[in-house]
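A.B. asks: Take a look at this one; I'll ask things after.
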Amino acid sequence: MTDSPAPAPQPTPLLDRHEALGAKIVDFAGWLMPIQYAGILEEHRATRSAAGLFDLSHMGELVVEGPEAGAALAAALVTDPPSLALGRAHYSMICGEDGGLLDDLIVYRLGPDRFMVVANASNARTVSDALVHRLDGFKAVLDDRSLATGLVAVQGPRSMAILRPLADIDPAAIHYYGIAEGSVAGVPAMVARTGYTGEDGFEVFVDVARVHEVWDALYAAGQPHGLVAVGLGARDTLRLEAGMPLYGNELDRATNPYEASLGRVVKLGKPGPFVGREALEQVARDGTARRLVGLVLRDRGIARHGYPVLVDGVAAGTVTSGTMSPTLGKAIAMAYVPTPQAEIGTMVAVEIRGASVPAEVVPLPFYKRPS
Amino acid sequence: MVPADLRFTKEHEWVRVEGDEAVVGITEFAAHQLGDVVFVELPAVGRTLAQHATFGVVESVKAVSDLFAPVSGDVVAANDALGGQPELVNSDPYGEGWMLRVKLADAAQVDGLLDAAAYEQLTAEA
């Protein structure tokens, strides 16, 4: 038996910037990406209190275009992209026929017949292949722009003040979950008011050949505001505090949106068939045996991915993500628990190195930014 | 630079002998590799440690790492300050970030540990 060698990881186009900032670099989903710079806690706190700059060039950007692009996406995804106004976006998911999750996505409407689907790096190929297959028969084509697109995000309460002087459009005029074309630091860009941190912020999509210009300009402009570069480590703690799922942790092929407490995203009321509809209608009717919930540990310890959740002393669920929340100073986790235990306020326990640590089911998100 | 008066394990614990007791912690190299320490779990006073066996856990934001006993002996004190301030492991690993004080069962075990020069060489290769 021979193992085919793993392909060499793709360096992010900003690798030299990260190395110059002293980042620890890791292979993440086939990409060489920064996991942290000065430290996860410092990066996390800077994003909550000032601003963080993120390299997200590993994400997959799939542009779907054609007179039936919207109809094709409505048949391919659980949401209804034709209902999006121009320049708006929504959170979506792509499922298999059995209702299991292939990925979670953001869908942006760039034009009447032009959409951009942003997929997780680890699933970009899967999503691209599935969409190509599902577009068959529709007057729509898919252009995988993943390698041609650089993506930089600025997130946090100072992000508006940092981006505004660099952009030739007014970022304040972009709605939450909106996107606009313009330029940033003289580079043609699509600026979206989306993110994965629980803060206000922007994601800037540019030609990969010029992404370093945008990174450098935002980094420099952000210094007086307290901006720091933020790696994947703090990206994970930020999204966890914000109660946002991560594919591979909370979501996978064996999980459907209703189990993941994301049933509200599935638009069963939209017209026409879509992949997974029959399975998801049945789940919506019958309910699920398990639900994704938030937990706060009520004794010392940190719940981690894979730790058992105990109900009456018996393993009945699993922790999907857990950390010591830098903002709350409490050990927080997301976990699958049996549906009867999913009610807010229910006490369960997490098994940590053989010990049973009490944990309370709490509402998500753990952290909500002050408005 | 690592303190010259300490002894070290390949797993990055340090030992400082004080009379017939040993103070134990993790090295600056280990603390830096772990990143921000957010949780330390230590054994209760009175527990008997066996050399090389795990005696506790140190957790950073991202990772969980076992702690290995550099020497055998009974725990005579544990650093309770780490309960509320685990970050002391990062900020002062050889001082305020100490973890245990152990009554040495076999002082000769200390002689088998790495000296500062050997430990520096180990981390230089890492």
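All of the numbers you see were taken from the coordinates with simple rules; none came from a lab. Note that the structure is a prediction, hence the values are computed from the model and not measured. All Cβ positions, even for glycine, are placed from backbone atoms using ideal geometry, and neighbour counts span all protein chains on display.
A.B. asks: Within the group A:78, A:141, A:132, A:117, which residue is more than 15 Å from the chain's Cα centre (by Cα) and free of Cβ contacts under 8 Å to residues at least 60 places away in the same chain?
C.D. replies: A:132
A.B. asks: Are there any pairs with C-beta distances below 8 angstrom linking a residue in segment A:343-371 that is free of Cβ contacts under 8 Å to residues at least 60 places away in the same chain to a residue that is hydroxyl-bearing (Ser, Thr, Tyr), with the two at least 6 apart or on different chains, and if so which?
C.D. replies: From segment A:343-371, the pairs are A:349/A:356; A:350/A:307; A:350/A:356; A:351/A:307; A:352/A:307.
A.B. asks: I'd like the residue in segment A:20-32 that is touching a strand residue (DSSP E or B) at 6+ places or on another chain (Cβ under 7 Å) and more than 14 Å from every other protein chain (Cβ to nearest Cβ) and, out of all such residues, is surrounded by the most Cβ atoms within 10 Å (Cβ to Cβ). Reasoning before the result, please.
C.D. replies: Just the residues of segment A:20-32 that are touching a strand residue (DSSP E or B) at 6+ places or on another chain (Cβ under 7 Å), to begin with: A:21, A:23-26, A:30-32.
The next check asks that each one be more than 14 Å from every other protein chain (Cβ to nearest Cβ); those that pass are A:21, A:25, A:30-32.
Working: A:21: 16, A:25: 18, A:30: 16, A:31: 20, A:32: 17.
In this case the residue turns out to be A:31.
A.B. asks: Look through segment A:295-320, keep the residues that are touching a Leu at 6+ places or on another chain (Cβ under 9 Å) and surrounded by fewer than 21 Cβ atoms within 10 Å (Cβ to Cβ), and return whichever of them is farthest from the other protein chains (Cβ to nearest Cβ).
C.D. replies: Within segment A:295-320, the match that is farthest from the other protein chains (Cβ to nearest Cβ) is A:316.
A.B. asks: Being in contact (Cβ under 8 Å) with a residue 12 or more places away in the chain, within 13 Å of residue B:34 (Cβ to Cβ), out of contact with any Phe, Trp or Tyr (no Cβ under 8 Å at 6 or more places or on another chain) and of a type outside the set (D, E, K, R) is the filter here; which residues of segment B:49-87 pass it?
C.D. replies: The answer is B:60, B:61, B:63, B:65.
A.B. asks: Let me ask something else. Let me confirm something: among A:352, A:344, A:332, which residue is more than 21 Å from the chain's Cα centre (by Cα) and either more than 21 Å from residue A:261 (Cα to Cα) or within 14 Å of chain B (Cβ to nearest Cβ) (or both)? Give the steps one after another, and end with the answer.
C.D. replies: Details: A:344 fails: either more than 21 Å from residue A:261 (Cα to Cα) or within 14 Å of chain B (Cβ to nearest Cβ) (or both); A:332 fails: more than 21 Å from the chain's Cα centre (by Cα).
Just a single option satisfies the conditions, and that option is A:352.
A.B. asks: Next up: Please specify each residue of segment B:13-32 satisfying the condition of being without any contact (Cβ under 8 Å) to a residue 60 or more places away in the chain and under 18 Å from residue B:86 (Cβ atoms).
C.D. replies: Those that are without any contact (Cβ under 8 Å) to a residue 60 or more places away in the chain and under 18 Å from residue B:86 (Cβ atoms): B:13, B:32.
A.B. asks: Within segment A:38-58, does at least one residue satisfy the condition of being within 16 Å of the chain's Cα centre (by Cα), part of a helix (DSSP H, G or I), within 30 Å of residue A:222 (Cα to Cα) and more than 14 Å from every other protein chain (Cβ to nearest Cβ)?
C.D. replies: no
A.B. asks: Output the number of residues of segment B:69-126 satisfying the condition of being touching a strand residue (DSSP E or B) at 6+ places or on another chain (Cβ under 6 Å) and not in a loop (DSSP other than H, G, I, E, B).
C.D. replies: The number of residues fulfilling the criteria is 17.
A.B. asks: Test each condition in (1) under 16 Å from residue B:9 (Cα atoms); (2) within 13 Å of chain A (Cβ to nearest Cβ) for residue B:61 and report the one that comes out false.
C.D. replies: (1)
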